[in-house]
Amino acid sequence: MARAHGASPAQIRIAWTLHQGAHVLAIPGTGDPAHLAENVAAGAIRLTDEELDRLDALREKAG
């Protein structure tokens, strides 16, 4: 999924978190300017309903 979006797995995780609703905030921490840029860019990733369902299922499976 990350490859399909040209993103890192961490960016997909941030994008998934942001798709949970306006009541959820993603607050990743980093001291690396490159990671900060990646974290900000994750906000532009638009996941499909199918992708969100797949990620939700993985989350439920992980417990």
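The values are calculated or read from the model by the stated rules, or taken from the named source; none is laboratory data. Because the structure is predicted, anything quoted here is derived from the model rather than measured. Note that we place each Cβ from the backbone using ideal geometry, even for glycine, and neighbour counts take in every protein chain shown.
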Any chance you could count how many residues in segment 11-37 are under 11 Å from the mean Cα position of the chain (by Cα) and either assigned to a helix (DSSP H, G or I) or not polar (S, T, N, Q) (or both)? 11
Condition check: in contact with a Lys or Arg (Cβ under 9 Å, 6 or more places away or on another chain) and more than 19 Å from L58 (Cα to Cα). Does A15 satisfy that? no
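Residue by residue, here is whether (1) surrounded by 10 or more Cβ atoms within 10 Å (Cβ to Cβ); (2) not charged (D, E, K, R) holds:
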| residue | (1), (2) |
| --- | --- |
| H5 | yes, yes |
| S8 | yes, yes |
| G21 | no, yes |
| A26 | yes, yes |
| G29 | no, yes |
| A37 | yes, yes |
| D49 | no, no |
| L55 | yes, yes |
| K61 | no, no |
Hits in segment 38-56 (condition: within 11 Å of the chain's Cα centre (by Cα) and outside any helix (DSSP H, G or I)): I45, R46, L47
Which of the residues belonging to segment 6-52 are among the acidic types (D, E) and modelled with pLDDT of 95 or more? D49, E50, E51
